[in-house]
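S.K.: Pasting in a structure now, in structure tokens, and then I'll have a few things to ask.
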Amino acid sequence: MDSPQTKKSGLNLPAGMNETSLRLDFSGSFRTISNLSSPSSRSSTCSDRFIPCRSSSRLHTFELIEKESPVKEGGNEAYNRLLKSELFGADFVSVSSPAGKGSPMSPSKNMLRFKTDHSPGPNSPYSPSILGHDNGFSSETSTPPKLPRKVPKTPHKVLDAPSLQDDFYLNLVDWSSQNVLAVGLGTCVYLWTASNSKVTKLCDLGPSDSVCSVQWTREGSYISIGTTLGQVQVWDGTQCKRVRTFGGHQTRAGVLAWNSRILSSGSRDRNILQHDLRVSSDFIGKLVGHKSEVCGLKWSHDDRELASGGNDNQLLVWNLHSQQPILKLTEHTAAVKAIAWSPHQSGLLASGGGTADRCIRFWNTANGHQLNSVDTGSQVCNLAWSKNVNELVSTHGYSQNQIMVWKYPSMAKVATLTGHSLRVLYLATSPDGQTIVTGAGDETLRFWNIFPSMKAPAPVKDTSLWSLGRTHIR
């Protein structure tokens with residue numbers, strides 16, 4: 001039976017310990033436990049720490065148990081459910097304990113929860129919440145897919161171009177780096193200044209000759225002209241003065257290509273001649289390899305390789321040090337006029353075949369491998385890469401007369417443009433890389449804004465600095 005002293009004290013002491021054996025001394029600066037007696041008669045000195053049993057302690061009285069974090073309305077609860085579902089699966093969310101109740105798997109509301117006190121505001125683009133705003137689930141829990149770029153379906157401007165020949169093997173339109181468009185119409189070459197729409201007649205070859213090709217130098221100051229009689233003339237575009245006339249071809253020179261210092265000309269006589277303004281002779285080199293008319297000719301951007309296409313269905317690649325082609329690519333089954341080097345990847349060449357082929361093919365000129373081939377459904381007349389984005393444009397003839405914009409390397413169609421009534425034989429790109437001009441046998445030149453600018457790749461707006469009215473090139 002308990003003694004009356006023990007009953008009165010109300011303390012729950014272990015057996016053999018009475019109230020007098022426990023004395024608390026508060027006189028010092030530290031609270032210590034002194035004179036702690038054991039059941040034995042011998043007294044002993046113990047340490048100053050007394051660790052009670054937690055199960056019999058009343059820690060909640062002193063607010064030592066961790067309280068649940070207050071739940072804010074809206075996004076935190078929604079975010080927790082979403083994140084738990086993503087991490088542990090939908091089954092975990094359904095069997096987890098309800099809000100406000102602890103569980104072995106979810107003991108605290110602070111688990112998987114951001115400290116919102118220091119997070120950016122709801123309008124910040126750097127908010128850690130994948131839901132954006134703290135107001136519950138949004139309609140979409142992931143970033144929406146990027147919308148395809150919109151390309152205007154109508155041309156910004158249309159120019160009448162009387163006597164623009166409907167001949168697949170000619171190259172009668174080119175746009176200079178000085179923003180001047182050159183067009184060969186019959187026996188004359190006209191210059192159209194894009195900034196003010198001024199038209200200048202550069203030259204007239206006379207009744208016995210006609211224009212077959214035009215090509216600006218990269219600096220945009222000189223322009224070369226290939227003629228039906230096989231001449232290659234070089235003119236000063238600013239002063240409208242002829243600088244040089246090269247001979248050497250036996251018949252028409254239908255295609256021209258400049259690198260930094262060399263002018264190459266391709267002819268119906270199947271030869272490619274290399275001309276140099278610094279040398280007095282008509283040509284400094286002759287490349288023989290095609291078995292029919294040369295109709296495509298392009299220098300690579302590093303001036304190391306020249307690609308040529310012919311009516312013999314061949315695509316040949318030449319370098320500066322050899323008189324024989326380093327590559328003979330014969331997969332096309334029709335004439336190869338459309339040739340374009342990628343400005344984004346060294347050694348990447350695109351080519352397009354005529355009516356019997358209809359394919360755009362991509363080549364690695366380092367090893368001659370064909371990388372890809374796409375059947376466009378119609379004759380490929382021209383190809384041009386965008387210098388602003390990794391895309392290219394192709395113009396077509398029989399049977400759809402369309403203009404197509406492609407993404408590379410996926411070759412997904414960005415846009416298909418129509419408007420010409422005959423095959424789109426001519427193509428040139430503006431100096432800023434945003435606008436193309438196309439010419440066709442319907443005797444019109446059409447300007448299309450199809451590529452974004454290099455600085456701001458935003459969707460192209462259907463606006464123009466030019467009038468939408470139709471004007472004449474001459």
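S.K.: Count charges around PRO431 for me, please; just the other residues with Cβ under 13 Å from its Cβ, Lys/Arg as +1, Asp/Glu as -1. Display every interim value, and only then the final one.
M.R.: Numbers: positive: ARG218, LYS387; negative: ASP174, GLU219, ASP432.
Computed value for this residue: -1.
S.K.: Can I ask one more? Of SER210, SER421, which has the most accessible area and how do the rest follow, probe 1.4 Å? All intermediate terms of the calculation are to be shown ahead of the outcome.
M.R.: Values: SER210 30, SER421 80 Å².
Ranking SER210, SER421 by accessible area, largest first, yields SER421, SER210.
S.K.: Using only protein heavy atoms and a 1.4 Å probe, report how much of LYS407 is accessible, in Å² to the nearest 10.
M.R.: The accessible area of LYS407 comes to roughly 100 Å².
S.K.: Here's something else I'd like to know. Of the listed pairs LYS201/LYS337; LYS150/LYS298; LYS328/LYS407; LYS150/LYS407; LYS157/LYS298, which have alpha-carbon separations greater than 19 Å here? Can you show the working numbers first?
M.R.: Numbers: LYS201/LYS337 28 Å; LYS150/LYS298 30 Å; LYS328/LYS407 27 Å; LYS150/LYS407 13 Å; LYS157/LYS298 28 Å.
Flagged as over cut-off: LYS201/LYS337; LYS150/LYS298; LYS328/LYS407; LYS157/LYS298.
S.K.: How large is the accessible surface of MET454 in square angstrom, using a 1.4 angstrom probe and rounding to the nearest 10?
M.R.: Accessible area, nearest 10 Å²: 120 Å².
S.K.: Can you list the residues of region 184-222 with backbone N under 18 Å from a point 7 Å past the Cα of THR355, pointing along Cα to Cβ?
M.R.: none
S.K.: Then there is this: THR429 accessible area, nearest 10 Å², 1.4 Å probe?
M.R.: Its accessible surface works out to 40 Å², give or take rounding.
S.K.: At a threshold of 8 angstrom on Cα-Cα distance, excluding pairs fewer than six apart, so keeping six or more, what relative contact order does region 293-380 reach in percent?
M.R.: Values: 226 pairs, mean separation 17.7, N = 88.
Relative contact order comes out at 20 percent.
S.K.: Counting only other residues whose beta carbon sits under 13 Å from that of SER421, what net charge do I get with K and R as +1, D and E as -1? Could the numbers behind the result be given before it?
M.R.: On the way: positive: ARG423, ARG446; negative: ASP166, ASP442, GLU443.
So the surrounding residues net to -1.
The values are calculated or read from the model by the stated rules, or taken from the named source; none is laboratory data. Quantities reported herein were computed from a predicted structural model and do not represent experimental measurements. Here Cβ is always computed from backbone atoms with ideal geometry, including for glycine, and neighbour counts include all displayed protein chains. Remember, those area values only see protein heavy atoms, side chains included, never the ligands or the DNA or RNA. Shrake-Rupley method; radii C 1.70, N 1.55, O 1.52, S 1.80 Å.
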